Amino acid sequence: MNLRALVLCPDEQILRVLRRVLSDLEIDMEHCGNADDAVRRLTRQRFEAVIVDCDQQEVAASVLKSVRSAPCNKHAVAVALIDSKKAVKSAFTLGAHFVLYKPIAAERAKSSFRAARALMKCERRRNLRVPIELPVTLSVGGSKVQQKATSCDLSEGGIAVRWAHRGQNTGPLKVNLTLPGSDHAMECSAEVAWESDSNQAGLRFVDLAGEQRSQLKAWLAKHSPEAEIPDPPVPCKLTDLSLGGCYVEIAEPFPVRTRVMLAMRAGELRVEVEGMVRVMYPQNGMGVEFNRSTDMQRQHVEQFIQTLVNSKGAIPELEVQPEGMGEPPSAETVPTPETAAEHDPLLDLFRNQHHLSAETFLGELRRQRVPPAAQAASAAASL
């Protein structure tokens, strides 16, 4: 089944370009003539993307707000059509994930929608549930007391379970299960997304390790007739790297809060690192904060940095693949603050200077690359 996109745009020339581009990418397009029609469809039908002309900002805001409030479309990818780069900040404020500048050129639009399509597929896969009953062990709130449950269905993002008796303890959960056909137990943290009166609950996975995530994705693809092949990873250029994150140059960066998997290669060494996009500048690049929930991932990053240091002049290869969109800031886990001993200037720039213009942000990024001693010498020479 093709991906579906809802389009609100009165410009016939733009619509012709979008029809051709979306058709080439196997995305079905439905056009709406007005905001009321768009809102009505969003409450009744599921779309993987919503494309909105932002000429009338109030109309665009109304439609994009409806996308987030409609249960079946709250994870849809939102694309804003805007007149100039000056409007990009307001487009993201309205809730857009990607922007397309007018006039809409076919090749440029196709490049943007390739990135959007990869994320659209992620979200559809994440919501795809495979019905299965298997034993699940739960530990609640850090307690050693374990509760037994039975799964109802399973997806990339979480699991629905049925308790024989729901305990009164609240707090984070530890989920332990073994996928059929596998000898390895899968254990991760989870949080309750919803509960029903019939002792059923939906649990959202929180810190699924990369190896476990890959194992789960492979199992779901094998057991779901609707599973589709994800788009291939996108090559990009690594320009800045620390233990906590990296900045990469990429023509079509993924939206802020997108969960990504980075495959980094230097010589014979190849490491995979999970992260989340913290800053993004269209047509420039994005800053990714690494997921440091596991010591193994941190060790992999340390090893990669050391390999680059030892291999002077080596140019690292990097590919990025989206894993889905993270939760809004109110529901998202707050990044753990660094101690003075492990202060990371690159992460500080991502977290505290994300409001800067692209030109100012990239200037700060370049300034960080110069060692403090060299900065001082340059300042003294200018006196």
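Laboratory data are not the source of any read-out in this text; all were calculated from the coordinates shown. Being a predicted model, the structure only gives us computed values, none of them experimental. Reconstructed Cβ throughout: ideal geometry from the backbone, glycine too, with neighbour counts over all protein chains shown.
All C-alpha pair distances within region 130-223, sorted into 10 Å bins from zero, spread as 16, 56, 26, 3 percent across the bins. Taking label points 7 Å from Cα along the Cα-to-Cβ direction, T137 and V192 give a separation of 2.2 nm. Region 184-254 has equivalent-ellipsoid semi-axes of 32, 19, 14 Å, by the square roots of 5 times the alpha carbon gyration tensor eigenvalues, sorted largest first. Computing FRET efficiency as 1/(1 + (r/R0)^6) for R16 and Q299, where r is the C-beta to C-beta distance and R0 is 51 Å, gives about 0.45. Can you give the relative contact order of the chain as a percent, counting alpha carbon pairs under 8 Å and 6+ residues apart? Averaging sequence separation for qualifying contacts and normalising by length gives 10 percent for the chain. Relative protection proxy for 72-82, 358-368, 257-267, from highest mean packing down: 72-82, 257-267, 358-368 (other beta-carbon atoms within 10 angstrom). Subtracting the Cα-Cα distance of H223 and N176 from their residue separation scaled by 0.36 nm leaves 14.9 nm. The slack in the chain from E272 to R369, taken as 0.36 nm per residue of separation less the alpha-carbon distance, amounts to 32.5 nm. Within the straight-line cut-off of under 16 Å between alpha carbons, the lysines reachable from K102 are K85, K86, K89, K110, sequence neighbours fewer than 8 places apart in one chain being disregarded. Taking N as the number of residues in region 3-127, what is its alpha-carbon radius of gyration divided by 2.2 N^0.38 Å? Here the answer is 0.94, to two decimals. For K222, which lysines qualify as cross-link partners when the Cα separation must be under 21 Å and same-chain residues fewer than eight apart are set aside? Hits, sequence-local ones excluded: K121. Given +1 at the Cβ of Lys and Arg, -1 at the Cβ of Asp and Glu and no other charges, the dipole of the chain around its Cα centre is 300 debye to the nearest 20. Look at the dipole of the chain built from charges on Cβ: of A221, F205, P10, the Cα furthest out on the positive end belongs to P10. In a fully extended conformation the segment linking N284 and K237 would gain 15.8 nm over its present Cα-Cα distance, using 0.36 nm per residue. Using only side-chain charges placed at the Cβ, +1 for Lys and Arg and -1 for Asp and Glu, the dipole size of region 130-223 relative to its Cα centre rounds to 120 debye. Our note on the geometry: Cα centres of region 1-77 and region 266-329, 33 Å apart. Fraction of C-alpha pairs exceeding 33 angstrom in the chain: 38 percent, rounded to a whole number.
Cβ-Cβ distance of E26 and Q353, R₀ of 35 Å, FRET efficiency by 1/(1 + (r/R0)^6): the value works out to about 0.35.
If r is the Cβ-Cβ distance from D183 to D207 and R0 is 30 Å, what FRET efficiency results, to the nearest 0.05? My answer for the efficiency is 0.85.
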